[in-house]
1. Counting Lys and Arg as +1 and Asp and Glu as -1, what is the net charge of the other residues whose Cβ lies under 15 Å from the Cβ of Val422?
2. Which whole-Hz couplings ³J(HN,Hα) result when phi for each residue of the stretch 167-177 is put into the Karplus expression 6.51 cos²θ - 1.76 cosθ + 1.60, θ = phi - 60°, listed in order with x for Gly and Pro?
3. With r defined as the distance between the Cβ atoms of Asp55 and Leu468 and R0 fixed at 22 Å, what FRET efficiency is calculated, to the nearest 0.05?
4. Using a 1.4 angstrom probe with every protein chain in place, what is the largest-first accessible-area order of Lys134, Lys197, Lys290?
5. Across the stretch 126-137, in residue order, what do the Karplus-derived ³J(HN,Hα) couplings come to in whole Hz, using 6.51 cos²θ - 1.76 cosθ + 1.60 with θ = phi - 60° and x for Gly and Pro?
6. Counting only DSSP beta bridges with both residues in the stretch 110-371, tell me the antiparallel percent, nearest 5.
7. Evaluate the distance, in nm, between pseudo-label points positioned 7 Å from the Cα of Trp139 and of Tyr111 along their respective Cα→Cβ axes.
8. Under a 1.4 angstrom probe, counting protein chains only, how are Leu17, Leu429, Leu366 ranked by accessible area, largest first?
Amino acid sequence: MTDIKKQIREFESASDLIEPGSDRRHELFQKVNDYTEEFLQTVNERNAYIQSGLDGKGISDAGIHEEGVGIDSILEMYKDNVEQQGISTVSGKFMGYIAPCSMFYSALGDYIAAITDPFSVDYSASPGAVRMEKTLLDWMANLVGYPQGALGNLASGGSMATLICLVTARESHKLKARDYDKSVVYMTDLTHHCFKKGLLVAGMGECIIRKVAVDEGYRMRADALKECVEKDRERGLLPWLVIGSAGTTDLGNVDPFEAIADVAAEQKLWFHIDGAYGGFFVLSDLVKEKFKGMNRSDSIVMNPHKPLYTPFGLGAALVKNGQQLYEAHHYTASYLQDNYLEQDEVSPADLGPELTRHFRALRLWLPLKLIGVAPFRAALNEKILLTRYAYERMAAQPGYEMGPYPELSTFAFRVIPEQGDVNEFNRQLITELRKDGRVFLSSTLLDSNYMIRVNVLSYRTHIEEMDLMIEVLNEMVEKIK
Ligand SMILES: *Cc1c(COP(=O)(O)O)cnc(C)c1O
C-alpha cells in the first residue's frame with residue numbers, strides 16, 4: 001500500500017505543471033497579451049495576403065516532445081509559421097470569399113468559457129449555459145420571424161448546421177434509404193456546395209439534384225421550380241427539398257422566399273434557407289424587404305462567424321417546428337440516465353449530432369450583451385452602402401464590366417481588355433493582386449466567365465479600404481496591359 005501511495009505521489013508531482021500557480025498564470029497571460037496587443041495595434045498595416053515564404057514547416061519540424069519549451073519561443077514560432085503566411089481575414093483590406101475578421105470581445109468570451117468550461121451539452125448539467133445558447137437562438141428565430149416552438153443548435157459552422165437541417169428534413173419526410181435515389185432536391189447553380197457535401201455525409205449522395213432556372217439577377221424562378229416539381233412527380237420521383245439562398249456566395253443575391261414558400265406549401269416540399277452569409281442582413285432596414293417570406297421556411301442556417309464577427313467556429317441551425325429537430329437528433333443512453341433538474345429546456349445534445357462540445361454561446365452572447373445589437377446593425381448598413389459605393393465607382397470606369405447590382409454586400413465584375421482573352425486577363429489580374437498583397441479579392445465562374453468577386457463584410461473595412469481596392473485594381477490593370 002505504501003508503495004502505490006508513493007508512486008501516486010510521484011506522478012502527482014510530475015503532473016504538477018498542468019496547473020500553473022497564480023504568478024505563472026500572470027506571467028503567461030502578460031506575454032500572450034503583449035503578443036495579441038502588438039498584433040491588434042498593427043492589424044491595419046497588415047497586407048490582406050502575406051507572402052513571407054514561410055509555410056509553417058517550422059511547426060512540423062519542431063514536433064511534439066516529452067519536455068515543454070518556453071512561452072517566448074512558442075509565440076515566436078507561432079508568429080513566424082502561422083501568422084506570417086497566407087490570407088489575412090483580419091485585415092479590412094481582405095474582401096475575398098466570405099470570411100470577415102473576429103472581434104476582441106469574442107476572445108474574452110472564449111477565454112472565460114475555456115477557464116470555467118461549463119458542460120453546455122445538457123440542461124441538467126449546466127442550465128445557465130444551455131439557457132444562454134437558447135437565448136441566442138430565440139433571438140435569431142425572432143429575427144427570422146419563426147413562431148414559439150422553434151428550436152436550434154449552435155454548431156461549429158454553416159456546413160455543420162446545414163447537415164443538421166438536412167437530417168431533420170430527411171426524418172420529417174420519413175425518407176428511407178430505398179427512397180434516396182428518387183428523392184429530389186431543388187437548388188440553383190449558385191447554391192453553396194455544402195448541400196451536396198451534406199447530402200453525401202447524410203448518406204443521401206444518390207439524391208437527384210435539380211438546378212432550377214434563375215432570373216436576370218440569378219435568383220431562383222419560382223415558376224420554373226413549380227414546373228420542375230410537377231414534372232418530377234409525373235415521372236414517379238419524390239420531390240423533397242428546396243433550398244433558397246439569403247445571399248449566395250458568388251453574388252450575394254437573395255432568392256424570392258415568398259414565391260418559393262408558395263410552391264413549397266402547395267407541393268409539400270421542405271423549404272430550407274441558406275443564410276450562412278446573408279441571414280443576419282435582416283437586421284438592416286436597407287435590405288430587410290428582400291427577406292420577406294423568410295419566416296415561411298422550415299429551417300434556416302445563419303453564421304455568426306461571418307456577419308456577426310465571432311471567430312471561426314459558430315454557425316446556427318434553426319428549425320421552425322422544433323419538435324422535428326428534436327425527433328431527428330434525440331437519443332438516450334444508460335450512462336446518461338440521471339437527471340438532476342426538471343427539464344425546463346431541451347438539451348443541445350438532443351438537437352444536434354454532438355455530445356461534449358465547445359461552449360460556443362459565450363463568444364456571441366458576451367459581445368451582444370456588452371455593446372448591444374445596434375453597432376452590428378450599423379456595421380451591416382455601412383457594408384451595404386460601401387458595396388454600392390464601390391460598385392458605382394467601378395461601373396463608371398471604362399473597361400469594367402459589372403455583374404448584377406449588389407443586393408447585399410457582394411458583387412462580381414471583370415475587366416475587358418482591349419485585346420486578348422478576357423478570362424485569361426482576369427485570371428492574371430487575380431494573380432497580380434495576390435502578388436501585390438495589399439488587398440485580397442477572389443474569383444468565381446458566372447455563365448462560364450471568369451469573374452472577380454468583391455465581398456465587403458469586415459468591421460475593419462471602411463471607405464478608405466474601398467478606395468484603396470479600386471486604386472490597386474487600376475494599378476494592376478495598367479501593369480498587365
Ligand atoms: C460560408 C457559407 C456556407 C458554409 O458555411 P461554413 O461556415 O463555411 O461551413 C454555406 N453557404 C453560404 C452561402 C456561405 O457563404
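The values are calculated or read from the model by the stated rules, or taken from the named source; none is laboratory data. Treat the numbers as computed from the prediction; the structure is a model and nothing was measured. We place every Cβ from the backbone using ideal geometry, glycine too, and count neighbours over all the protein chains shown. Accessible surface areas use protein heavy atoms only, side chains included; no ligands, DNA or RNA. Shrake-Rupley method; radii C 1.70, N 1.55, O 1.52, S 1.80 Å.
1. Details: positive: Arg414, Arg427, Lys481; negative: Glu401, Glu418, Asp421, Glu424, Asp447.
With Lys, Arg at +1 and Asp, Glu at -1, the net is -2.
2. Couplings: 5, 5, 5, 5, 5, 5, 8, 6, 6, 10, 3 Hz.
3. Values: r = 28 Å, r/R0 = 1.25.
So the FRET efficiency works out to roughly 0.20.
4. Details: Lys134 45, Lys197 125, Lys290 75 Å².
Descending accessible area places them as Lys197, Lys290, Lys134.
5. Along the stretch 126-137, the couplings run 8, x, x, 5, 5, 5, 5, 4, 5, 4, 5, 5 Hz.
6. On the way: 11 of 28 bridges.
DSSP beta bridges in the stretch 110-371 are roughly 40 percent antiparallel.
7. 2.1 nm
8. On the way: Leu17 160, Leu429 0, Leu366 35 Å².
So, going from the largest accessible area down, we get Leu17, Leu366, Leu429.
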